[in-house]
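Take a look at the structure below.
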Amino acid sequence: MSEPSKEQPKIAILGAGLLGRLLAFSLRNDAFIELFDQDSGQAEDSSAILAAAMLAPLAESADASKGIMQLGELALNTWPRLLQQLPEKIFFQRKGSLLLAFEQDRGSLLNFERNLKGDNYRKVGAQQIHALESEINPRFAQGLFLPDEGQLDNRQLLTVLGKVLRAQTNIRWHSNSFAQIAEQRVLLNGEEYGCFDWIIDCRGLGAKDTQTDLRGVRGEVIRLHAPDVTLNRPVRLMHPRYPIYIAPKPDHLFVVGATQIETEDRRQPTLRSAMELLSACFSVHSGFAEAEILQIQSGLRPAYLDNEPQMRVKGRVISLNGLFRHGYLLSPVMVDLCRSYLLGETIDARYQQAIPQLMKIESTGEAIKELA
Amino acid sequence: MSCLDIYGTKLDSRMLIGSALYSSPRVMLESIVASGAQVVTLSLSRQNPGQMGGESFWNIIRSLDLHLLPNTAGCHSIKEAVSMAQMSRELFQTDWIKLELVGDDFNLQPDPIDLVKATEILLNDGFKVLPYCTDDLVIARHLVELGCKVIMPWGSPIGTGKGLLNPYALQAIRDRFPEVTMIIDSGIGVPSHAMQAMELGVDGILLNTAVAHAQHPQKMAQAFRGAIEAGRLAYEAGPMAEQYAASASTPTLDSPFWHQA
């Protein structure tokens with residue numbers, strides 16, 4: 001690692017999931033960074049590795065505020081620019097998403113529609129559903145098509161970000177490290193470590209030691225390889241408790257999820273959840289019958305009381321957390337907010353117009369410009 | 001207005017509210033507060049309660065400082081329900097249990113036979129059982145004879161919002177067991193359903209989905225609060241009897257005959 005120059009701040013980023021990586025990437029030309037990663041570098045225990053990485057601000061708005069939808073729309077437009085900066089192509093598409101309901105779940109569909117905070121969708125019947133997704137079960141006669149929604153391949157993204165960051169001479173990556181924050185200092189494996197201008201906490205639920213209002217919300221996800229199935233876009237199936245999605249990735253890979261249970265239970269997925277998710281798949285497309293189950297996993301989404309994210313500033317410690325089920329949907333916004341704040345740049349006013357509590361300053365640190 | 005009596009605990013509010021399906025815990029808290037309910041039901045199933053999986057969420061509910069009514073939702077057998085009830089008693093330090101035993105997965109209809117058996121086991125174990133039952137008079141009688149001071153027949157199946165599918169059956173239960181606290185549990189969709197039930201003379205309403213799935217849950221909670229209070233007041237006030245023929249509330253002597261029926 002090259003020596004820090006006086007002009008560039010020294011920044012510690014705790015957590016190398018999606019937020020940690022994206023933030024390090026966005027600051028790669030502006031700072032000397034030490035990235036503290038609890039994993040081996042493969043993000044194996046992060047929420048980011050489990051996610052389906054759907055970028056669906058409107059669909060999510062059925063159970064989230066208008067502000068979350070607006071931030072998601074901003075982020076959705078940011079992703080292509082962001083991905084272009086990477087040296088390898090990452091799967092990204094914007095072919096919309098399709099929401100389906102069986103006849104007996106008509107009420108759930110109606111409720112979902114009533115709770116949407118935007119109107120960029122259209123109702124579709126059997127013919128239109130067939131035109132969009134020719135292979136799926138012809139019994140579906142009702143649904144909603146949300147044409148602007150997108151998705152990306154999260155695992156490709158995490159891998160490529162990892163490679164890029166490791167190649168940077170101004171970034172030091174500490175794998176398999178246990179980092180904490182105590183009184184504006186970094187503790188590495190229990191010992192005080194280094195001296196930083198800024199400490200950014202992107203540990204997700206790992207930050208629960210300092211943030212008592214964080215909680216974990218369990219999600220269970222299945223990855224399938226189904227050569228007999230082609231879907232052009234994510235399909236969501238109405239379910240009385242939560243919509244189940246089937247998100248296609250390249251090469252007939254599918255991510256099926258996700259349960260949403262108010263527990264911090266870290267066990268492997270339960271039989272009941274697996275049955276719910278897998279029977280949903282089979283009901284959408286019989287080709288899933290011979291799919292190979294690659295992984296069944298569970299994880300905990302970090303959430304605050306309102307299930308909305310927040311950037312919290314306390315002296316020189318900045319925390320980005322509470323992205324709940326919206327990690328990929330909102331991380332570009334949270335990263336940009338943090339970057340602008342710590343570099344002393346103008347913060348995009350739309351962020352706090354959408355969610356006034358998006359940034360909470362408990363006590364200010366010195367902005368970098370002032371330091372210099 | 002008189003109080004709701006749950007095994008000797010007197011409550012001013014006649015609404016009991018669930019803690020599931022809200023878009024966030026904050027919306028849940030605000031809705032519960034708006035409802036004025038003094039009893040909150042909570043489900044332990046799927047939370048791995050043995051390992052305290054739901055502790056963070058339970059603490060949010062505990063912060064309201066209301067009566068907690070754990071339920072056995074999702075249990076399909078007597079053994080599961082009894083063990084869930086015992087775990088709930090330990091976790092929440094309450095002997096109240098809303099006993100739910102699924103008999104049919106499609107409409108979540110309670111299994112009436114196992115419900116009676118499980119109720120007996122739990123009453124003998126010192127629980128104050130609030131059984132979720134159908135509107136069957138004979139099942140209600142069995143539950144009352146076992147010693148239930150509260151019974152909770154459905155209006156219609158859970159989450160359907162169809163209101164009172166069989167007001168006649170509910171009225172029969174009410175009339176036959178006037179001394180028992182009767183709470184309509186499940187199927188209530190809109191405040192007018194709750195009001196109709198209260199006008200029948202039931203003692204309280206337990207609901208969840210109708211509030212949690214409203215576009216503005218906090219406002220809907222308030223609407224239910226008003227409806228339940230109004231329905232109870234109407235019952236206590238004693239409604240007028242329906243008449244076949246119209247009877248003018250103002251004299252019609254000064255109207256010409258062709259204006260009269």
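Relative contact order for the range A:23-123: what percent, with Cα pairs under 8 Å and sequence separation of 6 or more? RCO, the range A:23-123: 31 percent. For the protein assembly as shown, with equal point scatterers placed on the C-alpha atoms only and solvent neglected, what are the log10 I(q)/I(0) values from the Debye formula at q = 0.08, 0.12 1/Å, to two decimals? Taking Cα atoms of the protein assembly as shown as identical point scatterers yields -0.65, -1.23.
Listed by chain and number, the lysines placed with their C-alpha closer than 17 angstrom to that of A:LYS89 are A:LYS163, A:LYS249; residues fewer than eight positions away on the same chain are left out. When the helices of chain B are scored as -39500 (n - 2.57) per DSSP H run of n ≥ 4 and the total is divided over every residue, the value at 222 nm lands at -12000 deg cm²/dmol.
In chain A, the DSSP-assigned H stretches of four residues or longer account for a calculated mean residue ellipticity at 222 nm of -8500 deg cm²/dmol, using -39500 (n - 2.57) per stretch and the full residue count as denominator.
Gyration tensor analysis over the Cα atoms of the range B:62-103 returns equivalent ellipsoid semi-axes of 20, 10, 7 Å (largest first, whole Å). Partner shielding of B:210-218 amounts to 2, given as the average count of beta-carbon atoms from other chains within 10 Å of each residue beta-carbon. Each of B:VAL180, A:LEU109, B:ALA34 was placed along the dipole of the protein assembly as shown (beta-carbon charges, centred on the mean Cα), and the one lying farthest toward the positive end is A:LEU109. Helix A:154-167 and the long axis of chain A differ in direction by around 20°, with both axes built from C-alpha atoms.
Remark: spin-label model distance A:GLN42-B:PHE106 equals 4.6 nm, labels positioned 7 Å along the Cα→Cβ axis.
Each label point was placed 7 Å from the Cα along the Cα-to-Cβ direction; for B:TYR7 and A:LEU343 their separation is 6.2 nm.
Rounded to the nearest 20, the size of the Cβ-charge dipole of chain A about its Cα centre is 460 debye, with Lys and Arg at +1 and Asp and Glu at -1. Each of A:GLN357, A:VAL335, A:GLY322 was scored by the projection of its Cα onto the charge dipole of the protein assembly as shown, and the greatest displacement toward the positive side belongs to A:VAL335; charges sit on the C-beta of Lys, Arg, Asp and Glu.
Ordering A:HIS252, B:HIS142, B:HIS193 by the number of other Cβ atoms within 10 Å of each residue's own Cβ, fewest first, gives A:HIS252, B:HIS142, B:HIS193. Mind scanning B:LYS79/B:LYS149; A:LYS66/A:LYS95; A:LYS208/A:LYS314; B:LYS79/B:LYS128; A:LYS10/A:LYS66; A:LYS117/B:LYS219 and naming the pairs with a C-alpha gap bigger than 26 Å? Listed pairs above 26 Å: A:LYS10/A:LYS66. At an R0 of 25 angstrom, the distance between the Cβ atoms of A:GLN127 and A:ARG106 translates into a FRET efficiency of 0.90.
Label sites at B:ALA169 and A:ASN120, each approximated as a point 7 angstrom past Cα along Cα to Cβ, lie 4.8 nm apart. Evaluated with a Cβ-only charge set (Lys, Arg +1; Asp, Glu -1), the range B:4-237 carries a dipole of roughly 440 debye about its Cα centre, given to the nearest 20. In a fully extended conformation the segment linking A:ASP213 and A:LYS66 would gain 50.6 nm over its present Cα-Cα distance, using 0.36 nm per residue. Take every Cα pair under 8 Å whose residues are at least 6 apart in sequence, average their separation, divide by the length of chain B, and the relative contact order is 18 percent. What is the log10 of I(q)/I(0) for chain A, computed with the Debye formula using one identical point scatterer on each Cα and no solvent, at q = 0.09, 0.10, 0.15 Å⁻¹? Reported log10 I(q)/I(0), two decimals: -0.51, -0.62, -1.32.
Angle of helix A:106-115 to the longest C-alpha principal axis of chain A, folded into 0 to 90 degrees and rounded to 10: 40°. Along the charge dipole of the protein assembly as shown, Cβ charges K/R +1 and D/E -1, which of A:SER134, A:ILE90, B:ALA85 sits furthest on the positive end? Sorting the options by dipole projection puts first A:ILE90.
Based on the alpha-carbon gyration tensor of the range A:23-76 and its eigenvalue square roots a ≥ b ≥ c, which shape applies: rounded if a/c is under 1.5, prolate if not and a/b is larger than b/c, or oblate? Verdict is oblate for the range A:23-76.
Volume per residue of the convex hull around the Cα atoms, evaluated for the range B:4-237, comes out as 109 Å³. The angle between the Cα long axis of helix B:25-35 and the longest principal axis of the Cα atoms of chain B comes to about 40 degrees, rounded to the nearest 10.
Placing +1 on the Cβ of every Lys and Arg and -1 on the Cβ of every Asp and Glu, with no other charges, gives the protein assembly as shown a dipole of roughly 1080 debye about its Cα centre. Per-residue mean of foreign Cβ neighbours for B:50-56 is 6 (Cβ atoms of other chains, 10 Å radius).
Here's the list of aspartates and glutamates a cross-link from A:LYS360 could span, going by alpha-carbon distance under 18 Å and ignoring same-chain residues fewer than 8 apart: A:ASP201, A:ASP213, A:ASP306, A:GLU308, A:ASP336, A:GLU345, A:ASP348. When the square roots of the Cα gyration tensor eigenvalues are ordered a ≥ b ≥ c, the ratio a/c for the range A:9-131 is 1.5 or more and a/b exceeds b/c, which makes its shape prolate.
Extension gain for B:GLU179-B:ALA20 works out to 54.2 nm (0.36 nm per residue, less the C-alpha to C-alpha distance).
Bear in mind these aren't lab numbers, they're just calculated from the coordinates by the rules spelled out. Please read all numbers here as calculations on a predicted model, not as lab measurements. Ideal geometry is used to build each Cβ from the backbone, glycine not excepted, and the neighbour counts take in all protein chains shown.
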